[in-house]
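One structure is given below, encoded as structure tokens.
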Amino acid sequence: MLVLAKAMLALMIGFILAILCGLILIPFLKKKKVGQSVSIFLKEKHKEKDGIPTMGGFIFIIPTIVSIGLLLWMNKIEWSENLGIILLVFSAYAILGFIDDYLIIRRKNNTGLTEIQKLFGQLVIAILFFYIFMKSGHNPGLNIHTLGIEIHMGWLYGLFLLFILVASSNAVNITDGLDGLAGGLSLIAFLAMGLIAWNSSWVSGYESIAVFCFILVGSLLGFLFYNTHPAKIFMGDTGSLSLGATMASVAILTNHEITFIIIAGVFIVETLVCIIQTISMVYCNKKIFLMTPLHHHFEKLGWEERDIVKMFWVFGLILAMGGVLFAVWI
């Protein structure tokens, strides 16, 4: 019962602080004219979104970091190297995303960091993650606890970690294209990861990791108060890059990388659709989908934005429940 109480309290703290943060941040960003520039390819459907404030990721990033700091100061949770790694990834990818958003706003178009610059920044943070990860004495291998399988990968595990961190951060970034879509799917994913982390008792600081996840779930719920259709603010790369990398970090530190593939299924499908479309266009000069990412394909088919978001949330919830079932119950 104490575990449930802690989870609900963490969620509530994150939600209240995010609501308060939004009340301060949105008017500030409007005053500073920190507006989103809608892509020319989306003007027909989303012209009303031009000028809506971006960098909304701070609405869930700031409350989460402040809440963790307060709980540590009050000795309500314990500090661990694993929690430190998660906070490092959460903050570093947020800073990288902020730089990208800032350049887009300053240039008044959709040109921020180049793909190479962004990828380089993501790789540097991922390499730092791997260095601290190995220094902390973690085993470089895949553990599928449900099936009792352990695969030692040696140095290949480092490449695997780099891939999963960079791929996950970009996957959430790709999915962030409709009001509430990436935020809602991330909330569902972190709720599942929090439940899994609380049942990963072999991991140092597992309770603190779980509390972090539940605080972030509450903060994302507060963010969605402002981000669901019609959105008053967008999370921008500040939020999307941070969310994706942090999801992957929690999965890696709790030895649930395979489970994470199930939980993040919608993000993975969105990314695969973009890859398939690109390959088809380059080698066959033919479109398979009307538009990518996948949520824009459904828009081209005439679906309403709210219906697309609800459908993706439902699939995300089903996959998250499947992931929890696989990792905890079976």
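The values are calculated or read from the model by the stated rules, or taken from the named source; none is laboratory data. These numbers were taken from a predicted model, which means no experiment stands behind them. Don't worry about glycine lacking a Cβ; one is built from the backbone with ideal geometry, like all the others, and counts go over all protein chains shown. Side chains are part of the model used for accessible areas, which takes the heavy atoms of the whole protein and leaves out ligands, DNA and RNA. Shrake-Rupley method; radii C 1.70, N 1.55, O 1.52, S 1.80 Å.
I need every pair where a residue in the stretch 117-143 that is more than 20 Å from Tyr93 (Cβ to Cβ) has its Cβ under 9 Å from the Cβ of a residue that is part of a helix (DSSP H, G or I) and basic (Lys, Arg), sequence separation at least 6 or different chains.
none
Taking the options Ile258, Ile275, name whichever one is surrounded by 13 or more Cβ atoms within 10 Å (Cβ to Cβ) and either β-branched (Val, Ile, Thr) or in contact with a Gly (Cβ under 7 Å, 6 or more places away or on another chain) (or both).
Matching residue, one of Ile258, Ile275: Ile258.
Looking at (1) open to solvent by 30 Å² or more (accessible area, probe 1.4 Å); (2) modelled with pLDDT of 95 or more, can you tell me which one Ala320 breaks?
If we test Ala320 against (1) open to solvent by 30 Å² or more (accessible area, probe 1.4 Å); (2) modelled with pLDDT of 95 or more, just (1) comes out false.
Only one residue in Gly154, Gly97, Gly56 is surrounded by fewer than 20 Cβ atoms within 10 Å (Cβ to Cβ) and either more than 17 Å from the chain's Cα centre (by Cα) or among the small types (Gly, Ala, Ser) (or both), so which one is that?
Just one listed residue meets the conditions, Gly154.
Scan the stretch 100-126 for residues that are surrounded by 14 or more Cβ atoms within 10 Å (Cβ to Cβ) and among the β-branched types (Val, Ile, Thr) and jot them down.
Result: Ile104, Ile105, Ile125.
Hey, could you check the stretch 298-317 for residues that are of a type in the set (D, E, K, R) and under 28 Å from Thr259 (Cα atoms) and say which is surrounded by the most Cβ atoms within 10 Å (Cβ to Cβ)? Talk me through it step by step, then tell me what you get.
Applying the first criterion (of a type in the set (D, E, K, R)) to the stretch 298-317 yields 299-300, 304-307, 310.
From what is left, the residues that are under 28 Å from Thr259 (Cα atoms) are 307, 310.
Details: Asp307: 10, Lys310: 14.
Of everything passing the filter in the stretch 298-317, Lys310 is surrounded by the most Cβ atoms within 10 Å (Cβ to Cβ).
Considering only the stretch 78-88, how many residues are within 16 Å of Val124 (Cβ to Cβ) and buried (at least 21 other Cβ atoms within 10 Å of the Cβ)?
Here the count works out to 1.
Of the residues in the stretch 145-161, how many are modelled with pLDDT under 70 and either farther than 16 Å from Leu253 by Cβ or among the aliphatic types (A, V, I, L, M) (or both)?
Total meeting the criteria: 3.
With respect to Ile268, determine if the residue is out of contact with any His (no Cβ under 6 Å at 6 or more places or on another chain), assigned to a helix (DSSP H, G or I), surrounded by fewer than 20 Cβ atoms within 10 Å (Cβ to Cβ) and without any contact (Cβ under 8 Å) to a residue 12 or more places away in the chain. Full working, then the answer.
Values: out of contact with any His (no Cβ under 6 Å at 6 or more places or on another chain): yes; assigned to a helix (DSSP H, G or I): yes; surrounded by fewer than 20 Cβ atoms within 10 Å (Cβ to Cβ): yes; without any contact (Cβ under 8 Å) to a residue 12 or more places away in the chain: no.
Here the answer is no, as Ile268 does not meet what is asked.
I'd like to know if the stretch 289-297 contains one or more residues that are hydrophobic (A, V, I, L, M, F, W, C), buried (at least 20 other Cβ atoms within 10 Å of the Cβ) and in contact (Cβ under 8 Å) with a residue 24 or more places away in the chain. Give the steps one after another, and end with the answer.
Taking the stretch 289-297 and keeping what is hydrophobic (A, V, I, L, M, F, W, C), we get 289-291, 294.
Narrowing the set further to residues that are buried (at least 20 other Cβ atoms within 10 Å of the Cβ) leaves 294.
Going one step further and asking which of them are in contact (Cβ under 8 Å) with a residue 24 or more places away in the chain, we end up with 294.
So far as the stretch 289-297 goes, yes, one or more of its residues are hydrophobic (A, V, I, L, M, F, W, C), buried (at least 20 other Cβ atoms within 10 Å of the Cβ) and in contact (Cβ under 8 Å) with a residue 24 or more places away in the chain.
Taking the conditions exactly as written (open to solvent by less than 70 Å² (accessible area, probe 1.4 Å) and either farther than 23 Å from Lys6 by Cβ or of a type in the set (Phe, Trp, Tyr) (or both)), does Ser91 satisfy them or not?
Yes, satisfied.
If a residue has to be among the charged types (D, E, K, R) and open to solvent by 40 Å² or more (accessible area, probe 1.4 Å) to count, how many in the stretch 173-213 make the cut?
Of the residues in the stretch 173-213, 2 are among the charged types (D, E, K, R) and open to solvent by 40 Å² or more (accessible area, probe 1.4 Å).
Gly154 versus (1) in a helix (DSSP H, G or I); (2) more than 17 Å from Asn82 (Cβ to Cβ): which is the lone unmet condition?
The one condition Gly154 does not meet is (1).
From the list Phe133, Phe163, which one is farther than 19 Å from Gly56 by Cα and open to solvent by less than 10 Å² (accessible area, probe 1.4 Å)?
Working: Phe163 fails: open to solvent by less than 10 Å² (accessible area, probe 1.4 Å).
Testing whether each residue is farther than 19 Å from Gly56 by Cα and open to solvent by less than 10 Å² (accessible area, probe 1.4 Å) leaves just Phe133.
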